[in-house]
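The values are calculated or read from the model by the stated rules, or taken from the named source; none is laboratory data. As the structure is a computational prediction, the values presented were derived from the model and not from experiment. FYI the Cβ positions are ideal-geometry reconstructions off the backbone, even for glycines, and counts take in every protein chain you see. Areas reflect the complete protein model, heavy atoms only, side chains present, ligands, DNA and RNA absent. Shrake-Rupley method; radii C 1.70, N 1.55, O 1.52, S 1.80 Å.
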Amino acid sequence: MSIQTHNDLFISYADTDRAWVEGYLNDALTQAGVSYISEDAFELGRPRLLEFERAIAQSRRILILLSPAYLADALDQFANVIAQSYGLESATWPVIPLMLSHTQLPPRLAVLMALDATNPDDWPRVIERLCEALQRPPPGASPRPSCPYPGMKQYEEADSGRFFGREREVEELTERLRVQPFQTVIGPSGSGKSSLVFAGLIPSLRKSGLFGNAAWLVRTIRPGVTPLQVLASAIGSDLTHPIVASDIEALLAREQGTRQFLLIVDQFEELFTTGTADAVPFQQAVLALAQLPGCYVILTVRADFYPELMVSPAWSAIRNGRYEVLPLDTDGMHQAITRPAEQIGVFIESALVERLVLDASGQPGA
């Protein structure tokens, strides 16, 4: 009695090659209309050999991905099942070997034509030949996905959905701001201070229930050479008098629905590099703002300006509310590399991820 086949292809591979299968091969086969199964579909609790036999019997062809890991772990067991199902004449096996890395083919497979996928440049042609063997049209060209990383630019609030690796810091900074409305985020150049605030803290505040349900008005400034003028423009006051609650109430009234005000002074160190005469009154105004109900202030500043901070009028508040940003740890680096790629449906080879993490470990600007 013949056994009806349900799949074009059964794919057998070592777990170490899973990234290539799930990130490249499966997508290509799906686009080509190839029906396939792998060991992931094996029924839990059943002997693996029985599941092998069932998968082979229900598939027109068998694709084995040859790599050192597969040769070491799975090939003998697989070959025995094939031999039982199709006899010892290897030429009659409906097997397609695919080499993911250069390796010596065992005798039973040496007589079979193998697909060579050891060079990534050849992968499209390998898929075409595989589709020809399965009598399926080759997949069309996939659209190039957009790059999920901002590169040398900082993450903005709009990038919050692809900002990963700083979840703990976001939670800590949100809680600290609730307790003390004046916070200074300090870290080395390139450590991600601004990204933490814009793509991490601001979205967290908008979703958090720690501050009630009132909407936030967020204004961002850089001191530049005229910090008082920049601040006056941000809050809609000429600053001819000290900032008072009515100034903020008027500002929030103009922005309907907002009840809480957050001022972000990005690159606060510009006060010390421009030599402006407004540096002291600017700091006094910012400190006064943080004392008003419903008002919060965040500064970002490079750690190499600690000496200037320590003699500034704002030092007492900075010291009591400083949050130091360290380089991403190993887990955070993994998240920052892999999660944005996963969101757009692409994969990064695990060996490359490990190399990137190793090279960047402990480097603030990496």
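Numbers for the structure displayed
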quantity: Of all residues making up segment 304-331, the number that are of a type in the set (A, V, I, L, M) and in a helix (DSSP H, G or I); calculated: 4
quantity: Residue within segment 280-289 that is of a type in the set (G, A, S) and under 27 Å from S191 (Cα atoms) present; calculated: no
quantity: Residue that is farthest from D278 (Cα to Cα) [pool: residues in segment 186-232 that are of a type in the set (K, R) and part of a helix (DSSP H, G or I)]; calculated: K207
quantity: Condition check for A253: of a type in the set (A, V, I, L, M) and either surrounded by 18 or more Cβ atoms within 10 Å (Cβ to Cβ) or not in a loop (DSSP other than H, G, I, E, B) (or both); calculated: yes
quantity: Residue that is nearest to L217 (Cα to Cα), among those in segment 271-286 that are of a type in the set (A, V, I, L, M, F, W, C) and open to solvent by 50 Å² or more (accessible area, probe 1.4 Å); calculated: V280
quantity: Filter result (more than 32 Å from the chain's Cα centre (by Cα), surrounded by 15 or more Cβ atoms within 10 Å (Cβ to Cβ) and in contact (Cβ under 8 Å) with a residue 12 or more places away in the chain) within segment 17-56; calculated: E51, F52, E53, A55, I56
quantity: Residues that are closer than 29 Å to M310 by Cβ and touching an Asp or Glu at 6+ places or on another chain (Cβ under 8 Å), drawn from segment 230-270; calculated: A232, I235, E269
quantity: Hey, Y306 under 21 Å from E175 (Cβ atoms), more than 25 Å from the chain's Cα centre (by Cα) and open to solvent by 20 Å² or more (accessible area, probe 1.4 Å) or not; calculated: no
quantity: Residue that is touching a Ser or Thr at 6+ places or on another chain (Cβ under 8 Å), at pLDDT 90 or above, open to solvent by less than 50 Å² (accessible area, probe 1.4 Å) and not hydroxyl-bearing (S, T, Y), where the choices are F261, F268; calculated: F268
quantity: Condition broken by F268, with the remaining ones in (1) under 36 Å from the mean Cα position of the chain (by Cα); (2) not in a loop (DSSP other than H, G, I, E, B) satisfied; calculated: (2)
quantity: Subset tally (residues that are open to solvent by less than 70 Å² (accessible area, probe 1.4 Å) and among the acidic types (D, E)) for segment 145-162; calculated: 2
quantity: Residue count, segment 58-75 (criterion: surrounded by 15 or more Cβ atoms within 10 Å (Cβ to Cβ) and either touching a strand residue (DSSP E or B) at 6+ places or on another chain (Cβ under 6 Å) or among the aliphatic types (A, V, I, L, M) (or both)); calculated: 12
quantity: Any chance V179 is of a type in the set (V, I, T) and open to solvent by less than 70 Å² (accessible area, probe 1.4 Å); calculated: no
quantity: Enumeration of residues in segment 311-366 that are of a type in the set (G, A, S), under 30 Å from L289 (Cα atoms) and open to solvent by less than 50 Å² (accessible area, probe 1.4 Å); calculated: S312, A314, A317, G321
quantity: Any chance I186 is open to solvent by less than 30 Å² (accessible area, probe 1.4 Å), modelled with pLDDT of 95 or more and over 24 Å from G161 (Cβ atoms); calculated: yes
quantity: Of all residues making up segment 213-237, the number that are under 19 Å from S194 (Cα atoms) and in contact (Cβ under 8 Å) with a residue 12 or more places away in the chain; calculated: 12
quantity: Close pairs from segment 331-345: first modelled with pLDDT under 90, partner of a type in the set (D, E, K, R) and part of a helix (DSSP H, G or I), Cβ under 7 Å, at least 6 apart; calculated: Q343/R162
quantity: For R129: the one exception among (1) surrounded by fewer than 18 Cβ atoms within 10 Å (Cβ to Cβ); (2) within 30 Å of T220 (Cβ to Cβ); (3) modelled with pLDDT of 90 or more; calculated: (2)
quantity: Hits in segment 287-303 (condition: open to solvent by less than 20 Å² (accessible area, probe 1.4 Å) and in contact (Cβ under 8 Å) with a residue 60 or more places away in the chain); calculated: A290, C295, V297, I298, L299, T300, V301
quantity: Condition met for V197 (closer than 21 Å to D331 by Cα, open to solvent by less than 20 Å² (accessible area, probe 1.4 Å) and either at pLDDT 95 or above or in contact with a strand residue (DSSP E or B) (Cβ under 9 Å, 6 or more places away or on another chain) (or both)); calculated: yes
